[in-house]
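Colleague: Quick one: this structure, given as structure tokens, is what I'll be asking you about.
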Amino acid sequence: MRRKLAAGNWKMNGLSASLSELEAMGKAAGGASDVLICPPATLVAPAAAAAKDTGVSIGGQDCHAAASGAHTGDISAPMLKDAGASHVILGHSERRTDHGERNEDVRLKAKAAWEADMVAVICVGESLTERDAHNTLDIIGGQLAGSIPDGATGHNLVVAYEPIWAIGTGKVPTTDQIGEVHDFIRARLERRFGSGVGRSVRLLYGGSVKASNAEEIFAVSNVDGALVGGASLKASDFVPIIEALNAAG
């Protein structure tokens with residue numbers, strides 16, 4: 001059985017005072033769900049210290065493909081690991097858009113994460129233009145093929161489907177649309193890596209997930225949890241999502 005995962009992406013938000021939210025989030029962790037918080041790089045080490053013994057794992061939001069070198073302003077996977085991170089988000093649409101990251105870039109970063117013994121949370125998703133043109137599955141298929149390296153397992157990979165047009169907009173795809181994409185991702189993973197591995201990789205949905213719609217989303221086929229943005233910044237918003245995931249079993 002795949003354990004459920006509630007992952008929070010704090011993006012470029014959070015100061016030291018924000019770490020007080022982790023204790024309350026930790027109280028909701030356990031049961032059927034794992035909890036992951038990915039704060040900005042400045043908070044990874046203190047978050048890992050604050051989350052110790054709470055049941056909350058800490059991750060990074062990006063890493064460089066190289067382990068070290070002359071890359072001013074970047075952070076490597078070994079650095080994140082050394083700071084206490086166990087996961088790293090890669091290929092988020094904001095990285096693909098704002099920084100021009102290609103599937104190849106994401107794949108190299110995922111390899112680096114695996115070499116550092118970290119879990120790669122690889123994001124895929126289509127724009128509204130691509131959705132309206134009925135190209136969603138072609139886009140997702142290409143991102144999966146190009147972004148995920150060979151050697152994926154249920155232990156080193158999580159895939160997050162985040163329709164770009166639903167991130168932070170309040171717009172949420174129908175449950176049928178979410179289910180179609182998640183079933184497609186599962187089938188592609190099984191075809192490429194074999195049924196055993198393909199069935200073991202956790203698939204998260206992300207895009208305007210909140211307490212009011214979490215239960216409905218978590219009931220969808222092949223949705224193993226959520227990658228949550230703004231609603232993960234405060235325990236009062238995130239804990240109800242974790243509880244909904246625990247209840248989904």
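Readers should treat all values here as calculations from the given coordinates under stated rules, not as data from a laboratory. This one's a predicted model, so the numbers in the text were calculated from it and none came from an experiment. Ideal geometry is used to build each Cβ from the backbone, glycine not excepted, and the neighbour counts take in all protein chains shown.
Colleague: Residues with amide H under 5 Å of Val121's amide H, sequence separation 5 or more or different chain, H placed in the peptide plane at 1.01 Å from N; which?
Modeller: Distant-sequence amide H within range of Val121: Val88, Ile89, Leu90, Val158.
Colleague: Fewest first, what order do Leu233, Leu90 take by the number of other Cβ atoms within 10 Å?
Modeller: In order of increasing Cβ crowding within 10 Å: Leu233, Leu90.
Colleague: FRET efficiency for Ala49 and Thr97, Cβ-Cβ distance as r, R0 = 30 Å, nearest 0.05?
Modeller: After rounding to 0.05, the efficiency reads 0.35.
Colleague: Just from its helices, what would the mean residue ellipticity at 222 nm be for the chain, if runs of 4 or more DSSP H residues each count -39500 (n - 2.57) and the sum is divided by every residue, rounded to the nearest 500 deg cm²/dmol?
Modeller: The per-residue figure over the chain is -12500 deg cm²/dmol.
Colleague: Which aspartates and glutamates have a Cα lying under 19 Å from the Cα of Lys210, excluding residues fewer than 8 positions away in the same chain?
Modeller: Glu21, Asp34, Glu162, Asp176, Asp224, Asp237, Glu243
Colleague: Taking the highest mean first, how do the peptides 75-86, 117-128 order by number of other beta carbon atoms within 10 angstrom per residue?
Modeller: Most protected by this proxy first, the peptides run 117-128, 75-86.
Colleague: Here is a further query. Would you please give the FRET efficiency between Ala133 and Ala32, computed as 1/(1 + (r/R0)^6) with r the Cβ-Cβ distance and R0 = 35 Å, to the nearest 0.05?
Modeller: Numbers: r = 38 Å, r/R0 = 1.08.
The calculated FRET efficiency here is 0.40.
Colleague: Now for a different question. Count charges around Glu104 for me, please; just the other residues with Cβ under 12 Å from its Cβ, Lys/Arg as +1, Asp/Glu as -1.
Modeller: Value of the local net charge: +3.
Colleague: Provide Rg over Rh for the range 126-249; use the alpha carbon set for both Rg and the Kirkwood Rh (inverse mean inverse pair distance).
Modeller: We get a ratio of 0.96 for the range 126-249.
Colleague: Now a separate question. Roughly what percent of Cα-Cα pairs across the chain reach past 34 Å?
Modeller: 8
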